[in-house]
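As C-alpha cells, the structure follows; a few thoughts come after it.
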Amino acid sequence: QVQLVESGGGLVQAGGSLRLSCAASGSIFRINAMGWYRQAPGKQRELVATITNGGSTNYVDSVKGRFTISRDNAKNTVYLQMNSLKPEDTAVYYCNAQAQLTYYSPSNSYWGQGTQVTVSS
C-alpha cells in the first residue's frame, strides 16, 4: 500500500503564502502523476494542480500565476507553493498520487488525509 502524509496547512491572512508538502511511502515501484485537490465546505472536490514524473504541470485557472506545484522524485514528495492567497482558497487540501506497486500492476490512485488551509480576509 501507499501512504501519503501531508503537512504545511494553517491559517494565513489574504495575500500571504503557505507551502504544502506531501510525502509518499510504502512498497512503491513507481509514482506517476502527483497532484493536489481541494474541497471547500459544501462544494465538490476540485483539482488544483498536477505534475507528472517528467515534470509537466497543470493548474486550475483560478490558481494560475499564484500556485506552483513541484516534486522531488528521489523523496517521493510533492509540494504546493501557494502565494497571494485569497479567502476563496480556503479548503481542505488533499494530496493524490498515481502509483504502481510493481512493474506489472496498474497505476492506482491514493489519497492523503487532507490538510486545512484557511485564508482570512
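The values are calculated or read from the model by the stated rules, or taken from the named source; none is laboratory data. It should be emphasised that the depicted structure is a prediction, and the values quoted were computed from it without experimental measurement. Using ideal geometry, Cβ is built from the backbone for each residue, glycine included, and neighbour counts are taken over all protein chains shown. What goes into the accessible areas is simple: the full protein's heavy atoms, side chains included, and nothing from ligands, DNA or RNA. Shrake-Rupley method; radii C 1.70, N 1.55, O 1.52, S 1.80 Å.
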In this structure, the FRET efficiency calculated for Ala40 and Val5 from their beta-carbon separation, with R0 = 25 Å, to the nearest 0.05, is 0.65
Relative contact order of the chain: what whole-number percent is it, with Cα pairs under 8 angstrom and at least 6 residues apart?
-> 36 percent
Area accessible to solvent at Arg45, 1.4 Å probe radius, in Å² = 100 Å²
Add +1 for every Lys or Arg and -1 for every Asp or Glu among the other residues with Cβ under 10 Å from the Cβ of Asn83, and state the total.
-> +2
Calculated P(r) of the chain - Cα pairs past 19 Å, % | 43 percent
Which of the lysines could be linked to Lys86 by a straight reach, that is with a Cα gap under 28 Å, when you skip same-chain ones fewer than 8 residues away?
-> Lys43, Lys64
Calculated FRET value between Ser27 and Ser56, using beta carbons and R₀ = 30 Å, to 0.05 = 0.70
Which percent, nearest 5, of DSSP beta bridges in the chain are antiparallel?
-> 90 percent
Where labels lie 7 Å past Cα in the beta-carbon direction, separation of Tyr104 and Asn73 in nm = 2.5 nm
By accessible area with a 1.4 Å probe, ligands and nucleic acids excluded, highest first: order of Ile51, Ile28 = Ile28, Ile51
Taking the Cα centre of the chain as origin, work out the dipole magnitude from +1 charges on Lys and Arg Cβ and -1 charges on Asp and Glu Cβ, in debye rounded to 20.
-> 80 debye
For the range 23-51 and the range 66-97, compute the distance between their C-alpha centroids and round to whole Å.
-> 9 Å
